[in-house]
Amino acid sequence: MTRRRSWLPGVLLLAAAVHAAELPPHRAHPGGIAVIPLGPTDGPQPQATFGDTPVLVAPSDGQWHAVVGIPLSQPPGSVQLSVSDGNNASRTVPFEVGDYSYREQRLTVSKSFVDPDPDEIARIVAERKIIDAALKSWRTSDTVVLQIPAPVSGRKSSSFGLRRYFNDQPRSPHSGMDIAAITGTAIRLPADGTVSATGDFFFNGKTVIVDHGLGFISLYCHLSTIAVEAGQQLAAGEKIGEVGATGRVTGPHLHFATYLNGNAVDPALLLAESP
Ligand SMILES: [Zn+2]
């Protein structure tokens, strides 16, 4: 009995430390995530920016790491982080962004989703502002979980980044992962967070956006029902809504998107079961 008491807390401590240190894999390409070491954790926690945007910094294996979302539109080549170590001096940390080619996808949808009328265009512009503000928000947090379960079980398409044509007209690349599930399937929040916005949007349909802190944001689209409100603080596992087919879709599924420092990154890199 005494023996069990003596080793059990040690095992729990070790497990907690490993979990906190779990970072996504380094995939420095457009739509990927760069994991860049910034120095030992016995020094002060550095602050990093990419462009003008603050970047998530987390400890792992005795090192501070910047976890950088790379835009889908980023040309390959050398880029740099600006890093401040707590004094006034800042330094630049360069890293290479590799090439990556995403496949093409052609979809057929109702004509109004390709040629919206002027009223619909005004609505789209107004909604874009709400969505962009929520995707770019920054909230300080002591903890952040970067390896998460899928929000619904179902077949995960490798659809992130696809260069899309709707009714043969080019549109923005696909900024999330589509998960096949039937209407009414519960969507569970994969990590603690605060709901930053909800809405019934023209393209995205019924939508929930959740702020997990330090610029990590998740987005859930095309829901049949929304079960949460803006401002609510939620724990991992709570139900945020149900899968549906609202907005610009060809059938029921969950559009699940993840953002780091304002950029959509491949959700597969954040899913714990991914290789
Ligand atoms: Zn989608």
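The values are calculated or read from the model by the stated rules, or taken from the named source; none is laboratory data. Quantities reported herein were computed from a predicted structural model and do not represent experimental measurements. Reconstructed Cβ throughout: ideal geometry from the backbone, glycine too, with neighbour counts over all protein chains shown. When the accessible area is computed, the model is the full protein with side chains, heavy atoms only, and any ligands, DNA or RNA have been set aside. Shrake-Rupley method; radii C 1.70, N 1.55, O 1.52, S 1.80 Å.
Only residues that are open to solvent by less than 40 Å² (accessible area, probe 1.4 Å) and part of a strand (DSSP E or B): list them for the stretch 222-233, please.
His222, Leu223, Ser224
Being without any contact (Cβ under 8 Å) to a residue 40 or more places away in the chain and either open to solvent by 80 Å² or more (accessible area, probe 1.4 Å) or within 21 Å of the chain's Cα centre (by Cα) (or both) narrows it down to one residue among Pro44, Pro71, Pro94; which is it?
So the residue among Pro44, Pro71, Pro94 that is without any contact (Cβ under 8 Å) to a residue 40 or more places away in the chain and either open to solvent by 80 Å² or more (accessible area, probe 1.4 Å) or within 21 Å of the chain's Cα centre (by Cα) (or both) is Pro94.
Only one of (1) among the polar types (S, T, N, Q); (2) within 16 Å of the ligand (Cβ to nearest atom); (3) open to solvent by 40 Å² or more (accessible area, probe 1.4 Å); (4) in contact (Cβ under 8 Å) with a residue 60 or more places away in the chain fails for Ser172. Which number is that?
Condition (4) is where Ser172 drops out.
Pick from the stretch 143-169 the residues that are within 16 Å of the ligand (Cβ to nearest atom) and of a type in the set (D, E, K, R): which of them is surrounded by the most Cβ atoms within 10 Å (Cβ to Cβ)?
Lys156
Quick check, is Gly215 within 16 Å of the ligand (Cβ to nearest atom), small (Gly, Ala, Ser), open to solvent by less than 10 Å² (accessible area, probe 1.4 Å) and in contact (Cβ under 8 Å) with a residue 24 or more places away in the chain?
no
What do you reckon, is Arg4 modelled with pLDDT of 90 or more, charged (D, E, K, R) and either open to solvent by 20 Å² or more (accessible area, probe 1.4 Å) or within 16 Å of Val265 (Cα to Cα) (or both)?
The answer is no for Arg4.
Taking the stretch 186-205 on its own, how many of its residues are within 16 Å of the ligand (Cβ to nearest atom) and more than 14 Å from Arg128 (Cα to Cα)?
Counting residues in the stretch 186-205 that are within 16 Å of the ligand (Cβ to nearest atom) and more than 14 Å from Arg128 (Cα to Cα) gives 1.
Between a residue in the stretch 104-132 that is surrounded by 13 or more Cβ atoms within 10 Å (Cβ to Cβ) and any residue that is assigned to a helix (DSSP H, G or I), which pairs come within a Cβ distance under 7 Å, given they are 6 or more apart or on different chains?
Close Cβ pairs (under 7 Å, with a partner that is assigned to a helix (DSSP H, G or I)) amount to Pro116/Ile124; Glu120/Ser112.
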